[in-house]
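Taking it in order: structure first as structure tokens, then the write-up.
The values are calculated or read from the model by the stated rules, or taken from the named source; none is laboratory data. Note that the structure is predicted; figures quoted are calculated from it, not measured. As a convention, Cβ positions derive from the backbone with ideal geometry for all residues, glycine included, and neighbour counts pool all protein chains shown. Only protein heavy atoms, including side chains, enter the accessible area calculation; ligands, DNA and RNA are left aside. Shrake-Rupley method; radii C 1.70, N 1.55, O 1.52, S 1.80 Å.
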Amino acid sequence: MTQSLSYSRQGDKLNSDFFEEYLVRLLEERDRSGLTDMIHEIDAIMITVDPGHSIRYIGELALMTPYHYLVTLESEDHWTHILRIDMNSPDFLIREVKDPAIHGIFRSLNEVYPIGMRKPNSRYMGEILRVTNLHDVVECQKAREFRFFSQDEIRRLQLPGNLAISKPSPYTHNIVAYMERPEDQIRTYALGLSSIRDAVQQVYLAAKAMQEELEIHDLIQPIDHLATRIYSQNREVAILEWLSLSSYYYWGSYDIHDQNSSTNVTKSAHYSNELLSPAKVFTANNTPYFVNHLEKLPSPTETFVRNYGPRLHHIALAVCDGERHDMENIDFVVRQIASQGRDFLLDVIGSKEDGLKQIFSSASEHSSLIIEYVQRFGDFNGFFTKQNVAELTHAAGVEEELLELQAQSEINGGAMTSG
Ligand SMILES: [Fe+2]
């Protein structure tokens with residue numbers, strides 16, 4: 001039996017007595033009930049985009065990541081494109097809504113947030129976790145009061161019929177889906193008609209040719225971590241809820257004092273290598289927005305959540321350790337991608353001496369997601385450095401302030417022309 005509480009605790013942020021008590025009780029029961037051993041790696045991640053955006057987003061991902069276009073599943077109202085590296089790391093499901101007039105639960109999650117509403121169908125939906133016994137996992141989770149979409153609802157949402165899908169989390173707004181698959185079997189998604197679409201294939205092949213020309217095709221590795229931003233008061237419950245739904249364990253939390261924020265890391269209890277099942281990170285302000293005027297504290301994380309809603313903020317990809325053309329690989333990758341017109345929010349930060357270097361891209365115009373690159377040097381066994389996280393958080397906050405101002409001016413401009 002896997003022992004989810006056997007890992008040494010990292011970090012310097014203190015949790016409440018509530019968190020520490022229920023962390024132990026929830027994980028002990030999860031192990032004892034067999035759930036930890038029935039739930040395995042993140043098998044796929046699901047993203048939805050607005051009409052007309054999926055092909056260009058696939059071009060962006062094919063250039064900036066090691067993903068390959070595999071196939072498109074067409075259903076009545078959606079295209080769902082499958083991207084894959086191989087069976088050792090998660091697939092991407094990129095889902096495009098065909099008709100801008102379609103309203104659904106995922107769109108509703110965007111519509112009450114001032115920047116989120118501008119791309120109403122663009123959001124990270126959640127992860128698919130591989131399980132060994134779908135029926136038992138779902139029954140067990142229902143008994144623990146988790147709610148799932150019915151098979152009829154899944155059919156109407158046009159999501160793969162071989163998944164069990166939880167209702168969106170009240171804390172992260174993400175869903176968690178389960179898919180039964182023996183480890184030696186290929187992933188399949190039971191949805192619509194499958195074909196390789198010419199328009200997608202062309203964009204994909206052009207991006208991969210460019211990746212080779214830029215000499216970066218062999219430097220970018222699979223997903224290292226997924227970072228979700230949540231309201232400050234939901235930090236502990238979001239972590240505990242995710243641990244209850246997955247087979248991850250609590251690695252620890254770091255206080256990023258300068259940015260009034262914390263970074264909270266969970267990792268797979270089954271796979272110590274993040275590239276096989278990415279770490280899940282939660283970022284939350286230390287204090288809620290309405291005390292900022294008293295404490296004079298910065299608040300980039302809470303501001304993001306107020307603008308976009310709780311959601312995934314970035315996908316981090318690992319860069320191979322090493323150098324190319326006398327540059328550390330991460331610097332080379334960033335220079336080459338920037339040469340194609342993609343912006344980055346800051347310079348590459350950190351150093352070989354610190355153990356790792358990191359950078360954030362600007363947010364994708366298609367998914368609103370940021371790509372992080374992270375290169376770890378030698379035998380660095382930390383997950384991140386506090387100084388880097390502070391600088392990244394600050395840079396993303398500055399970018400977002402600009403978007404917010406832009407959104408405001410559009411609303412004001414719109415009011416003037418219509419009134
Ligand atoms: Fe990150």
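Within the stretch 9-17, at least one residue is open to solvent by less than 30 Å² (accessible area, probe 1.4 Å) and not β-branched (Val, Ile, Thr). From the list Asn285, Asn264, pick out the single residue that is more than 15 Å from the ligand (Cβ to nearest atom), open to solvent by less than 30 Å² (accessible area, probe 1.4 Å) and in contact (Cβ under 8 Å) with a residue 12 or more places away in the chain. Being more than 15 Å from the ligand (Cβ to nearest atom), open to solvent by less than 30 Å² (accessible area, probe 1.4 Å) and in contact (Cβ under 8 Å) with a residue 12 or more places away in the chain holds for just one of Asn285, Asn264, which is Asn285.
Taking first residues from the stretch 139-155 that are more than 19 Å from His173 (Cα to Cα) and partners that are in a loop (DSSP other than H, G, I, E, B) and open to solvent by 30 Å² or more (accessible area, probe 1.4 Å), the Cβ contacts under 7 Å between residues at least 6 apart in sequence or on separate chains come to Arg155/Gly161. Out of Ala164, Ala143, one residue alone is open to solvent by 40 Å² or more (accessible area, probe 1.4 Å), over 17 Å from the mean Cα position of the chain (by Cα) and among the hydrophobic types (A, V, I, L, M, F, W, C). It is Ala143. Only one of the numbered conditions (1) open to solvent by 30 Å² or more (accessible area, probe 1.4 Å); (2) part of a loop (DSSP other than H, G, I, E, B) is not met by Tyr254, and that is (2). If the condition is being surrounded by 14 or more Cβ atoms within 10 Å (Cβ to Cβ) and among the polar types (S, T, N, Q), then the stretch 74-103 contributes Ser75, Thr80, Ser89.
Selection of strands (runs of 3 or more DSSP E) fully inside the stretch 320-395 by the criterion of at least 3 residues being in contact with a helix residue (DSSP H, G or I) (Cβ under 7 Å, 6 or more places away or on another chain) returns 356-360, 370-376. For the stretch 18-38, the set of residues classified as hydrophobic (A, V, I, L, M, F, W, C) and open to solvent by less than 30 Å² (accessible area, probe 1.4 Å) consists of Phe19, Leu23, Leu27, Leu35, listed by residue number. So which residues in the stretch 352-375 are away from the ligand (no atom under 16 Å from the Cβ) and open to solvent by 30 Å² or more (accessible area, probe 1.4 Å)? Passing the criteria: Lys352, Glu353, Glu365.
Being of a type outside the set (Lys, Arg), open to solvent by 10 Å² or more (accessible area, probe 1.4 Å) and in contact with an Asp or Glu (Cβ under 7 Å, 6 or more places away or on another chain) holds for only one residue in Val389, Val348, Val398, and it is Val348. When the stretch 288-302 is filtered for residues that are assigned to a helix (DSSP H, G or I) and open to solvent by 50 Å² or more (accessible area, probe 1.4 Å), the ones remaining, listed by number, are Tyr289, Phe290, His293, Leu294, Glu295. When the stretch 197-234 is filtered for residues that are of a type in the set (Lys, Arg) and within 15 Å of the ligand (Cβ to nearest atom), only Arg229 remains. Summed over the stretch 308-339, the residues that are farther than 27 Å from Thr263 by Cβ and within 16 Å of the ligand (Cβ to nearest atom) give a count of 0. Among helices (runs of 4 or more DSSP H) entirely within the stretch 1-111, having at least 3 residues that are in contact (Cβ under 8 Å) with a residue 60 or more places away in the chain and either over 20 Å from Ser244 (Cβ atoms) or among the polar types (S, T, N, Q) (or both) singles out 54-64, 105-111. Of the candidates His270, His314, the single residue that is at pLDDT 95 or above, open to solvent by 10 Å² or more (accessible area, probe 1.4 Å) and not in a loop (DSSP other than H, G, I, E, B) is His314.
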